[in-house]
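Heads up: the structure comes next, in structure tokens.
The values are calculated or read from the model by the stated rules, or taken from the named source; none is laboratory data. This structure is a prediction, so every number in the text was calculated from the model and none was measured. Note that we place each Cβ from the backbone using ideal geometry, even for glycine, and neighbour counts take in every protein chain shown. What goes into the accessible areas is simple: the full protein's heavy atoms, side chains included, and nothing from ligands, DNA or RNA. Shrake-Rupley method; radii C 1.70, N 1.55, O 1.52, S 1.80 Å.
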Amino acid sequence: MGTMNHFSSGWLTPALSYVVACAGAALGLRCTLRGLAASGASRRNWLLTAAAAIGSGIWTMHFVAMFGFAVDGTELRYNVPLTVLSLLVAVLVTGLGTVAVGYGRHRGLALLTGGLTTGLGVAAMHYLGMAALRLHGGLHYDPGTVALSVLIAVGAATAALWAAVTIRNVYAAVGASLVMGLAVSCMHYTGMAAVHVHLEPVRSGLGGAAPMEFVFPLAVGLGSFLFLTSAFVALSPTAQERAAYREAGELTIEEFPTTAASPAPGEHHRAA
């Protein structure tokens, strides 16, 4: 059995992965809230952005944490198609969850459906990402610990969606994002605790890409997307602010009559 080390880079990777998870959760909650306050195409676009934020945030958290994962006696590489598939699954299933909440008529049922769908998607992303791992040996899982990780994923997703439709105070939203980031991190490390590695004699080279060749650039790109989109959302006006701007504009127009309403110069002479 191979000796695993989940913190080969110290606390850098757990701390950084937690920050990324919190950023994805915060952006996703904010976009979901914007979507619930909008309608039509605007609602759809906000919910899609929320799905991309939460899904890519969770995926990036997973692979940032995996940079600290090492197994004595073997190098680690990743199957590129499976790694990309895990990202697509995370975004797609999270999208189904946010759509269920955004368009569901019964809030309680929508939260349960969205939480279950999103949680299972998070778990599927995690284990697809692990299936993409290539090493000189095989991975085996403890079924009980795997089940616990799935339950944590479903609970975390349900809590996040509940926060998205319930919390209006910015400080409470920040607190919810921190809790969501912690829950996602707990799900990841619970899933990793279920892993057992059985090494085999080296017979051939490993296929796939090294983490620094593929996973690192993709994780950096998605992390940049999260932070840049967070800045855009933070600076963009809400639906209430836009309504206030429109109302202020209408009041300004009413206060200053147009020239068409003023009497023409000729009319003064006719009146005289």
Is one or more of the residues making up the stretch 203-213 assigned to a helix (DSSP H, G or I) and not hydrophobic (A, V, I, L, M, F, W, C)? no
List the pairs whose first member sits in the stretch 121-150 and is farther than 15 Å from Trp59 by Cα, whose second member is open to solvent by 20 Å² or more (accessible area, probe 1.4 Å) and assigned to a helix (DSSP H, G or I), and whose Cβ atoms are under 6 Å apart, counting only residues at least 6 apart or on separate chains? Thr145/Ala193; Leu148/Thr190; Ser149/Thr190
Name every residue in the stretch 103-115 that is in a helix (DSSP H, G or I) and either touching a strand residue (DSSP E or B) at 6+ places or on another chain (Cβ under 7 Å) or surrounded by fewer than 16 Cβ atoms within 10 Å (Cβ to Cβ) (or both), in order of residue number. Tyr103, Arg107, Gly108, Leu109
Looking at the stretch 40-65, which of its residues are open to solvent by less than 10 Å² (accessible area, probe 1.4 Å) and either at pLDDT below 85 or not β-branched (Val, Ile, Thr) (or both)? Leu47, Ala50, Ala51, Ala53, Gly55, Ser56, Gly57, Trp59, Met61, His62, Phe63, Ala65
Mind checking which pairs have a first residue in the stretch 33-51 that is under 23 Å from Leu88 (Cβ atoms) and a second that is among the hydrophobic types (A, V, I, L, M, F, W, C) and in a helix (DSSP H, G or I), Cβ under 7 Å, 6 or more apart or different chains? Gly35/Trp46; Gly35/Leu47; Gly35/Ala50; Trp46/Cys31; Leu47/Val99; Thr49/Cys31; Ala50/Cys31; Ala51/Val91
State the number of residues belonging to the stretch 74-102 that are part of a helix (DSSP H, G or I) and either farther than 29 Å from Arg34 by Cα or without any contact (Cβ under 8 Å) to a residue 12 or more places away in the chain (or both). 6
Given (1) modelled with pLDDT of 85 or more; (2) open to solvent by 30 Å² or more (accessible area, probe 1.4 Å), number of the condition Leu33 does not satisfy: (1)
